[in-house]
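Here's the structure we're looking at; comments come further down.
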Amino acid sequence: MTPLTQAQAAARAATEADAALAGLFQTQYAAMVRLAVLLGADDAEDIVAEAFYQLYRRWKKLRGADAAVPYLRSVVCNLTRMRLRHLQVVRKHSTPDAAPQAGSSAEAEALLHDDQRALVAALKELPARQREALVLRHWLGLREAEIAEAMGISAGAVKSHTSRGMAALTRVLEERR
């Protein structure tokens with residue numbers, strides 16, 4: 001056996017990275033789309049595609065393959081937050097006769113049952129940080145430290161956002177009954 005040349009080693013590493021990313025895409029795509037939808041994104045598929053692209057670009061800089069999912073989750077949260085801010089600015093500065101933009105795709109809404117629709121509608125009424133904390137905690141089952149990392153805030157702030165979000169969500173859902 002001859003030792004691998006530097007070019008061969010780089011090619012092998014690139015092939016392994018591509019295979020790892022392809023596997024990650026197959027296992028995490030649907031979960032990331034659900035996360036983006038629950039966070040209020042109207043273009044969840046585009047956000048997740050951008051998140052995977054950013055993961056691909058930064059793959060070599062990750063601490064390891066096990067850091068890929070938390071990084072991806074964080075990127076989806078950040079991209080969704082940025083998209084929602086952008087839409088707020090657009091709506092604020094749009095003319096009154098402009099057509100309103102849909103909150104989510106018809107396909108995403110059709111897949112939800114009535115009780116899920118009420119819950120998603122109640123989630124959309126929450127402030128963004130509370131919504132993010134609740135979705136990451138209760139739909140993805142993340143621990144406080146993981147949520148803090150994904151949202152870029154402290155664990156104490158995660159507790160505060162989760163608690164306030166649950167209280168507000170409870171109030172909204174009780175009012176609908």
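Laid out as a table, the results:
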item: The listed residue being on the phi > 0 side of the Ramachandran plot, at pLDDT 85 or above and out of contact with any helix residue (DSSP H, G or I) (no Cβ under 7 Å at 6 or more places or on another chain), out of Gly152, Gly156; result: Gly152
item: In the stretch 103-140, the residues that are at pLDDT 85 or above, surrounded by fewer than 19 Cβ atoms within 10 Å (Cβ to Cβ) and either aromatic (Phe, Trp, Tyr) or part of a loop (DSSP other than H, G, I, E, B) (or both); result: Pro127
item: Hits in the stretch 141-160 (condition: more than 17 Å from the chain's Cα centre (by Cα) and assigned to a helix (DSSP H, G or I)); result: Ala155, Gly156, Ala157, Lys159, Ser160
item: Residue satisfying condition, being closer than 19 Å to Glu132 by Cα and in contact with a Gly (Cβ under 8 Å, 6 or more places away or on another chain), within set Leu39, Leu84; result: Leu84
item: The stretch 24-55: number of residues that are of a type in the set (Gly, Ala, Ser), over 18 Å from Ile147 (Cα atoms) and touching a Lys or Arg at 6+ places or on another chain (Cβ under 7 Å); result: 1
item: Residue in the stretch 7-20 that is assigned to a helix (DSSP H, G or I) and either among the aromatic types (Phe, Trp, Tyr) or closer than 18 Å to Arg73 by Cβ (or both) present; result: yes
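The values are calculated or read from the model by the stated rules, or taken from the named source; none is laboratory data. Only a predicted model underlies this, so the values are computations on that prediction, with no experimental measurement involved. Please note: Cβ atoms are built from the backbone with ideal geometry, for glycine as well, and neighbour counts cover all protein chains shown.
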